[in-house]
Amino acid sequence: MSARRRLKLVIVAIAYRDCIGKQLPGIGEDIGTVLKYWLSKGFAEEDIIVLCDTPGQDAELIPTHDNILRVLKELAASFTDGGFYVLHYSGHGVQEEALVDSNELDNLDELGCDGFRADGGPIIEKCIIDDQMNEILVTAIQKCRGARLLTVFDCCNSGTILGEFKTVLGFVYVHD
């Protein structure tokens, strides 16, 4: 009997219900569509974590900065040789002047945000920076032979949200 291939799906879906002018009303439908697709492809419910800001959500499954980082680290810790992993983010993405010593060609960081100020700007402390995602996910997946990480960022400014890299066919990550 062969071992089952390791599968893991993380969905982060933020509708911003409490952020006037920033709400994304279609997020609930996104979650349903994404779940239905991956369940049809062999993912089991126990292989899936959904962070969303729907009313009544358990505190540890609300997409706050700390919860998102925790789940990304859990995902990275689950990487094994030959595994297939998916991260799907639906929410706002922004660009800001590089926040730390920049390795960015355009001197801009890409961020996934879970909160905004009254003036509409992102609350930087509530954002996940591209360098953080790269350090957590890309560094970990590179250590696993034959493992694949598919990321879908349904947000603005997501072009280099995992850091500067080149992708080639077959979901292979090639680091310069």
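The values are calculated or read from the model by the stated rules, or taken from the named source; none is laboratory data. All values reported here derive from a predicted model rather than from experimental measurement. No Cβ is skipped: glycine too gets one built from the backbone with ideal geometry, and neighbour counts run over all protein chains shown. Note: areas computed on protein heavy atoms with side chains; ligands, DNA, RNA excluded. Shrake-Rupley method; radii C 1.70, N 1.55, O 1.52, S 1.80 Å.
Among the numbered conditions (1) in contact with a strand residue (DSSP E or B) (Cβ under 8 Å, 6 or more places away or on another chain); (2) under 25 Å from Gly120 (Cα atoms), the only one that Phe43 does not meet is (2). Considering every residue within the stretch 89-97, establish whether at least one is at pLDDT 85 or above and of a type outside the set (Gly, Ala, Ser). Looking through the stretch 89-97, at least one residue is at pLDDT 85 or above and of a type outside the set (Gly, Ala, Ser).
Of the residues making up the stretch 52-93, those that are part of a strand (DSSP E or B) and either under 19 Å from Gly26 (Cα atoms) or under 11 Å from the mean Cα position of the chain (by Cα) (or both) are Cys52, Val86, Leu87, His88, Tyr89, Ser90, His92, Gly93. Among the criteria (1) basic (Lys, Arg); (2) modelled with pLDDT of 90 or more; (3) open to solvent by 40 Å² or more (accessible area, probe 1.4 Å), the one Lys8 does not fulfil is (3).
The residue list Leu61, Leu108 contains one member that is of a type outside the set (Phe, Trp, Tyr) and modelled with pLDDT under 85, which is Leu108. Which of the residues spanning the stretch 51-87 are open to solvent by less than 30 Å² (accessible area, probe 1.4 Å) and either under 15 Å from Asp114 (Cα atoms) or free of Cβ contacts under 8 Å to residues at least 60 places away in the same chain (or both)? Residues satisfying the conditions are Leu51, Cys52, Pro63, Asn67, Ile68, Leu69, Val71, Leu72.
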